Amino acid sequence: MPGWVVLLAIVAVVVFFVVGVYNRLVTLRNRYKNAFSQIDVQLKRRHDLIPNLVETAKGYLAHERQTLEAVIAARARAVTAEQAAAARPGEAGAMRDLSGAESALTGALGRLLVVVEQYPNLKADQQMARLMEELSSTENKVAFARQAYNDAVMQYNTAREVFPAVLVAGALGFRPAELFEITQTAEREAPQVRF
């Protein structure tokens with residue numbers, strides 16, 4: 001067998017290997033981006049509920065203005081971080097910013113819930129009860145979407161880091177994706193909504 005045939009066979013095997021690795025990593029990257037879009041949908045829903053929640057509470061909590069303003073400010077930071085992360089899902093800095101902003105928002109909402117507990121008339125308000133139920137449901141959906149995203153990122157990162165894909169993944173432009181993790185220990189628990 002001539003040497004050029006052997007060389008051609010080796011080149012063909014390498015090309016097929018690189019194409020296979022590339023296609024698998026593209027598939028997995030698209031999977032985690034899709035999973036992030038599910039988080040994005042739920043976070044937008046959560047962010048849309050918050051102004052209604054604050055407006056409903058305003059009448060009852062006139063002297064708790066600082067708590068309401070903290071929720072509004074935390075929501076604004078979370079919306080900005082969510083938009084940045086949606087533009088670059090999986091990027092380490094964007095995911096850390098989103099995680100921090102969402103943790104701050106969850107903390108501010110937790111403080112609002114503590115204040116709401118102190119006002120029986122507000123707790124009894126039908127609109128407030130409905131909004132709190134929707135918020136609780138959305139928090140559960142965010143948790144499920146976050147788990148699906150983290151699973152997809154783990155699968156992508158694993159495929160990127162295993163041998164022999166690790167030999168070409170970096171050269172093909174596949175960077176590690178960042179998990180969407182909760183940064184504060186207190187945030188690891190879902191807000192308790194009781195009416």
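Cβ-Cβ below 9 Å, separation at least six or inter-chain, first residue in the stretch 167-195 and at pLDDT below 50, second in a loop (DSSP other than H, G, I, E, B) and not aromatic (Phe, Trp, Tyr): which pairs?
Listed by first residue and then by second, the contacts come to 188/182.
Please tell me if residue 28 is assigned to a helix (DSSP H, G or I) and farther than 30 Å from residue 164 by Cα.
The answer is no for residue 28.
Which of the numbered conditions does residue 95 fail, given that it passes all the others? Conditions: (1) under 13 Å from the mean Cα position of the chain (by Cα); (2) modelled with pLDDT under 90.
(2)
Matching residues to (1) at pLDDT 90 or above; (2) farther than 30 Å from residue 122 by Cα:
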{"position": "2", "(1), (2)": "no, yes"}
{"position": "15", "(1), (2)": "yes, yes"}
{"position": "33", "(1), (2)": "yes, yes"}
{"position": "61", "(1), (2)": "no, no"}
{"position": "68", "(1), (2)": "no, no"}
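Name the single residue that is nearest to residue 36 (Cα to Cα) among those in the stretch 79-94 being touching a helix residue (DSSP H, G or I) at 6+ places or on another chain (Cβ under 7 Å) and in a loop (DSSP other than H, G, I, E, B).
The extreme case among them is 89.
Against the conditions (1) over 30 Å from residue 31 (Cα atoms); (2) in contact (Cβ under 8 Å) with a residue 24 or more places away in the chain; (3) surrounded by fewer than 18 Cβ atoms within 10 Å (Cβ to Cβ), where does residue 65 fall short? Just the number, please.
Unmet for residue 65, out of (1) over 30 Å from residue 31 (Cα atoms); (2) in contact (Cβ under 8 Å) with a residue 24 or more places away in the chain; (3) surrounded by fewer than 18 Cβ atoms within 10 Å (Cβ to Cβ): (2).
The values are calculated or read from the model by the stated rules, or taken from the named source; none is laboratory data. Just so we're clear, the structure is a prediction, and the values are computed from it rather than from any experiment. When we count neighbours, we look across all protein chains shown, and the Cβ atoms used for this are built from the backbone with ideal geometry, even at glycine.
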